[in-house]
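Each remark here refers to the structure printed beneath this line.
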Amino acid sequence: MTQSDPKLDRTPPSVRNDLHAIADFPFPAWVPDWARRAPSITVAPPGPRSKDVVKLDKEYVSHAYDRVFTFTIDRAAGATVCDVDGNLYIDWTAGIAVMNAGWGHPSVVDAIRKQSEKLVHSFANDTYFDKEAELAKILSDISFSGKLKGTFFGNSGAEAVGAAAKLSTYFTKKFEFLSFHGAYHGRVGPALNFTSKLKYRFGFGPMNNVLFTPYAYCYRCPFKMEYPSCDMYCMHYMEDQVMNLGGSTGSLAAVIVEPVQGEGGYVIPPDEFMPFLRKFCDRNNALLIADEVQAGLGRTGRIWSSEWTDTVPDILVAGKAVGGGIPLGAMIAKPEIMKRWRPGAHSSTFGGNAIQMAAGIAHINAIVEEHLPERAAAMGEYVLKRLRELQDKHEIIGDVRGRGLMIGVEFVKNRKTKEPLDITQLQVKCYKKGLLTLTSGTYGNVMRISPPLIISREFMDKGIEIFEDAITELERESTPQQPAVVTQPQP
Ligand SMILES: Cc1ncc(COP(=O)(O)O)c(C=O)c1O
C-alpha cells in the first residue's frame, strides 16, 4: 500500500464515525483457527518443555531480566500466545503494548519476509533507503496533520528518548529537564534520568539535570485534593514551587511527559494537564516532549494519545508498536527544530534498518486502514463498563480508568485508606487459568489491560470471566478465616 493510495484514509479518528460497523468486534478473518481456541490449558504451566528452557536460561541469560511468567513462549497469533507445551493464553498484554495490529498480522509478516529476501541491513547511515523516507512521511502524515515532520530512527523507545533529549539541548542550548513522579522513559542513558522510580534508579548515578514534579494522578493526589475543585493545583505547584525552589538552574530545555502514564499505573490526567504543559513550555522557552512509546499508535483510541487534548508537542517519541514487533524507535519533531540539527549530530548504525522500516510501514498502514484506533475506542468503552460492574461487586478494586485499550484496574486493601494491595498472586492466578496480564503502578498494584487492538469481544468477555474468578479467589484467600468454634462437650 503506497502513500497515494486513496484507500489509506489518514483522517484523524476523532472525525470519523464508523464505530457501528465494528460493534460486535469479531476477530479479523486472518486470525487462524487455533488462535481462536484460547484459553486452553492442557498442561499446568510451566510445563516440562518450558521448564527445560527456563533452566538453560537461568544459567546463561542475565538475571537483570525479571520475568513475570514462567512459561516459554513458542508462537502467537491474533490475541493468543501459545507456549512450548501447547497451552493457549488470551493475551491482554500485546507483548507490552507492542502488537497493536495483532500477533502475526499477515501484512507485517509478509513485509518482513519480502524485505529480508531483498535487503536486511539498509546501511542507511551512509546511503539513502526508500522505505526510510516512506515511513518518515507516513509518521509525519499521521502526526497532527503533518505539523511534526522529520524523523530520526533508532532501535528502541529509550534510544528515541535519548535522541529527543539530545535534540532539545542542542536546539535550546539549555540542559535541564522536567519529568514526573511515576514517569517511565526507559533504562539507559538520558531515558533512565527521566524515569522516576527508585526501583529502576537504585544503584545508578549521578543523575542531576532532571527535576521531578507530581503527575496529575487524581486517584492518589499527593496534595489530598480533589479534581476539579483542586484547580489543577499540581500544575501550579510545579510552576511556583518546583521551578523556584526545587533546585532549578533556570535552564529548562524541555518537559518530558507521558500523556497517559504507562508503567506509572495507566494514569489518565485531567484534560487540562497537557494544554497546561504546552503553555508552561511556551512561557519558559522550553520544548514539550510527548513520550508516546506506550500510549501511541492507536492504543488509547487515537493515533497519538496527545490528540485527546489537541496538544501538539514539539517532539514526539514513539517505540514499541511503531515497528510491529521489530525493534524500532522514532523521534519526530517540528521541522524548524529537527532541521536545526547539523549532519552528524546524531546517528545509529542500524537507524533506518530495512526490516524495521518494512515492518513499521506495514504495521502503521494496518492500524490506520483497519481503523484500529476507533475499534480500540469503542471496545475500550465496553470493557470499562464491564470492569466498573466488577468494581461494584469487589471491594478490592479501588479504581478503574482508561482510554481505548489502555485500561488500568487499581487494587487496594481498603477503599477508604487506598492502601495498595499486592496483586502478584492475582497475576499468577490469571496466567495459570490462561489469561496474560501485566501489572504497573508505583506500588505494582495496577493491573494493566492492553491487548492487541484487534481482540474480539468474545476474548475480552472470556478474559473478564477469568479475571473475576481470580479476584474472587484472591479475596477469599486474603480474608482472615474465622477460627472454627469448638463446642465443649456438655458435662
Ligand atoms: C512511556 C515509555 N517510554 C519509553 C520506554 C522505553 O522503551 P524501550 O523499552 O523500548 O527502551 C517505555 C517502555 O516501557 C515506555 O513505556
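Starting from the Cα-Cα distance between Thr479 and Asp33, subtract it from 0.36 nm times their residue separation and give me the gain in nm to one decimal.
Values: separation 446, 0.36 × 446 = 160.56 nm, distance 4.11 nm.
Contour length minus Cα-Cα distance gives 156.5 nm.
Over the chain, what lengths in whole Å, largest first, do the semi-axes of the equivalent ellipsoid take, defined as the square roots of 5 times the eigenvalues of the alpha-carbon gyration tensor? Intermediate results must be reported in sequence, preceding the final value.
Values: eigenvalues 263, 178, 95 Å².
Semi-axis lengths for the chain are 36, 30, 22 Å.
Quick one: work out Rg over Rh on the C-alpha atoms of the stretch 409-481, Rh as Kirkwood radius.
When Rh is taken as the Kirkwood radius, the ratio is 0.99.
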For the stretch 107-369, take N as its residue count and report Rg(C-alpha) divided by 2.2 N^0.38 Å. 1.00
May I ask you to list the aspartates and glutamates whose Cα is less than 13 Å away from that of Lys393, ignoring any residue fewer than eight positions away on the same chain? Glu468, Asp469, Glu475
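Starting from the Cα-Cα distance between Glu465 and Arg75, subtract it from 0.36 nm times their residue separation and give me the gain in nm to one decimal. All intermediate terms of the calculation are to be shown ahead of the outcome.
On the way: separation 390, 0.36 × 390 = 140.40 nm, distance 2.43 nm.
Length gained, Glu465 through Arg75: 138.0 nm.
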Neighbouring Cβ atoms within 10 Å as the yardstick, rank Ile256, Ile138 fewest first. Ile138, Ile256
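With only alpha-carbon pairs counted, each pair once and no self-pairs, how large is the Kirkwood hydrodynamic radius of the stretch 297-358 in angstroms?
Working: mean 1/r = 0.0745 Å⁻¹.
This gives a value of 13.4 Å.
Give me the one-decimal Kirkwood hydrodynamic radius in Å for the stretch 369-466, with the sum taken over alpha-carbon pairs. All intermediate terms of the calculation are to be shown ahead of the outcome.
Details: mean 1/r = 0.0722 Å⁻¹.
Computed over the stretch 369-466, the radius equals 13.9 Å.
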Rank-order 365-378, 293-306 by packing density, defined as the average count of other C-beta atoms within 10 Å over each peptide's residues, highest first. 293-306, 365-378
Count neighbours as other Cβ atoms within 10 Å of each site's Cβ, and list the chymotrypsin sites (Phe, Trp or Tyr not before Pro) in the stretch 213-263 that are DSSP loop with at most 11 such neighbours. Phe223
Mean residue ellipticity at 222 nm from the helices of the chain, using -39,500 (n - 2.57) per DSSP H segment of n ≥ 4 over the full residue count, to the nearest 500 deg cm²/dmol? -10000 deg cm²/dmol
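Grab the eigenvalues of the alpha-carbon gyration tensor for the stretch 112-176, scale each by 5, take roots, and send me the semi-axes largest first in whole angstrom. Don't skip to the answer; put the middle values down first.
Numbers: eigenvalues 140, 51, 23 Å².
Gyration-tensor ellipsoid for the stretch 112-176: 27, 16, 11 Å.
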Can you list which of the DSSP-assigned H helices in the chain have a Cα extent of 20 Å or more along the long axis and an average Kyte-Doolittle score of at least -0.5? 157-172, 354-369
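Considering only Cα-Cα distances, which of the following residue pairs are longer than 22 Å: Lys432/Lys462; Lys137/Lys173; Lys224/Lys413; Lys199/Lys462?
Numbers: Lys432/Lys462 14 Å; Lys137/Lys173 28 Å; Lys224/Lys413 19 Å; Lys199/Lys462 34 Å.
With Cα atoms farther than 22 Å apart: Lys137/Lys173; Lys199/Lys462.
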Could I have the simple spin-label model distance between Glu381 and Glu395, label points 7 Å from Cα toward Cβ, reported in nm to one decimal? 3.4
Between Tyr60 and Asp240, what's the calculated FRET efficiency when r is the beta-carbon distance and R0 is 56 Å? Round to 0.05. 0.60
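Values in this text are rule-based calculations from the coordinates and carry no lab data. Quick caveat: nothing in here was measured; it's all calculated off a predicted structure. FYI the Cβ positions are ideal-geometry reconstructions off the backbone, even for glycines, and counts take in every protein chain you see.
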